Amino acid sequence: MRKSPESGIISTTTVTVLSVSPLADDHTSLSSFFERSGRILCSDSKWTLRPCATVESAIGALCQARIPLVVTDRDLAPGFWRDILERILLLPDSPVLIVTSRLADEYLWAEALNLGAYNVLAKPFDASEVVHVLGSAWRHWTDLHDCIQVRHPQVMVAMGAA
């Protein structure tokens with residue numbers, strides 16, 4: 001929990017993870033990890049899962065809300081994980097994409113990482129791996145966005161001083 005210096009109010013960050021899969025079991029498994037390990041993922045955050053079954057519903061959810069993490073199955077009917085990646089790279093504050101698959105082989109790992117995905121998770125999910133990957137993805141996303149917010153004013157000051 002964080003305490004705001006101005007107000008003294010203690011707040012908890014809610015981290016929303018978009019789960020994109022046509023398989024209800026994927027959503028159920030991820031949700032159960034949040035219930036058991038939510039505080040382990042990040043001590044001052046509450047983790048929630050937003051399930052979607054299709055590429056279109058996932059893109060709709062991403063356009064409606066600022067969602068930092070997307071966990072998507074490799075195979076979506078219709079479509080593939082690459083369709084979601086292409087769309088999220090166009091969004092401001094692009095979420096981090098994690099691809100899941102029962103066939104998480106070297107080819108998928110190489111393709112996903114080279115195209116811009118953050119990581120790949122093998123199914124069935126391993127609790128410690130899910131906690132590790134989602135926790136590091138969350139830290140990566142917040143570090144990236146904090147850097148953008150901090151660096152931008154410095155650039156403006158330097159330009160104004162010239």
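We did not get these values from a lab; they are worked out from the coordinates using the rules stated. The structure displayed is predicted, hence computed values, not measured ones. Note: ideal-geometry Cβ built from the backbone for every residue, glycine included; neighbour counts use all protein chains shown.
Key figures for this structure:
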| item | result |
| --- | --- |
| Under Karplus coefficients 6.51, -1.76 and 1.60, residue-wise ³J(HN,Hα) of the stretch 131-144 in Hz, glycine/proline x | 4, 5, 5, 5, x, 6, 5, 4, 4, 4, 5, 5, 4, 4 |
| Packing-based exposure ordering (other Cβ within 10 Å, fewest first) of LEU23, LEU62, LEU85 | LEU23, LEU85, LEU62 |
| Long-range HN-HN contacts of VAL15 with modeled amide H, under 5 Å | LYS46, TRP47, THR48 |
| In sequence order, calculated HN-Hα J values of the stretch 13-29 (Karplus, 6.51, -1.76, 1.60; Hz; x Gly/Pro) | 7, 9, 9, 9, 10, 8, 9, 10, 6, x, 9, 4, 4, 4, 5, 4, 4 |
| Fewest-first ranking of GLU56, GLU106, using other Cβ atoms within 10 Å as the exposure measure | GLU106, GLU56 |
